[in-house]
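Peer 1: To start, I am sharing the structure in question, which I have written as structure tokens.
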Amino acid sequence: MAKRSSARDAESRGARGSSGKARRGGARSARGSSGKAKRSSARGASKAPGRAGDDRRDFDPRVVAFACNWCSYPAADAAGINKMQYPPNARIIRVMCAGRVHPAFVLKALELGADGVLVSGCHFADCHYLFGAKRAAEQFEKAARLVSLLGLEAERVRFEQISAAEAPKFVRVMQEFVEDLRRLGPSPLGRARDEDLHLPGVVGEERT
Ligand code: FES
């Protein structure tokens, strides 16, 4: 049974630190989502979800989506308000302009366990900061090259231009991206993080 929430809900849940209360396993809309988080995927069904088992049909990818405040974020919101269903796999991070998304942000998201990263901004002519959308495209190119250098699949990162009026496009992009990631399986970086690496969690803690 699909459950829904708006982009704003998704952001606020992410801001609370992805404490596990975020709902997974259903689609979202603007209404009726707050608080009743539940997971219905394989990720939620095991202790190391989506990593240990390689049944990719059940793999529930973790997506970090950087969305521009003026276009893609409202598109996500509109999709929710209009009850368009899309996979709830993304933690949406609102940025004032997609040009703000430095390649390091993309790499950090992957390092922290994202299986894929979406950067979504305005169409070139619509950017509120004139050259920000072009800068976003350039920055993304750099990020994509670094991702390839790391040996990751190019499909793990995606750049899109989605205006505020293109909620259906946002839905389609999310559906396609999650399907692509499902086909690829869990990110090797995420698996390394879960199984092998000890990352310092607080300032002053040292890696052993
Ligand atoms: Fe949206 Fe610049 S304001 S990409």
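Each value in this text was obtained by applying a stated rule to the coordinates, not by laboratory testing. Computed from a predicted structure; not experimentally measured. No Cβ is skipped: glycine too gets one built from the backbone with ideal geometry, and neighbour counts run over all protein chains shown.
Peer 1: Give me the orientation-averaged projected area of the Cα convex hull of segment 108-187, in nm², one decimal.
Peer 2: Hull-based average projected area comes out at 5.4 nm².
Peer 1: Select from segment 155-191 those GluC sites (Glu not before Pro) which occupy a DSSP coil region and have at most 16 other Cβ atoms within 10 Å, ordered by residue number. Don't skip to the end; give the middle numbers.
Peer 2: Numbers: sites: 155, 160, 166, 176, 179; in loops: 166.
Those that pass, being in a loop and sparsely packed, number zero.
Peer 1: Next up: Once the cut-off is 18 Å, how many percent of the Cα-Cα pairs in segment 61-195 end up in the long-distance tail? List each step's numbers first, then the result.
Peer 2: Numbers: 4517 of 9045 pairs.
Result: 50 percent of Cα pairs exceed 18 Å.
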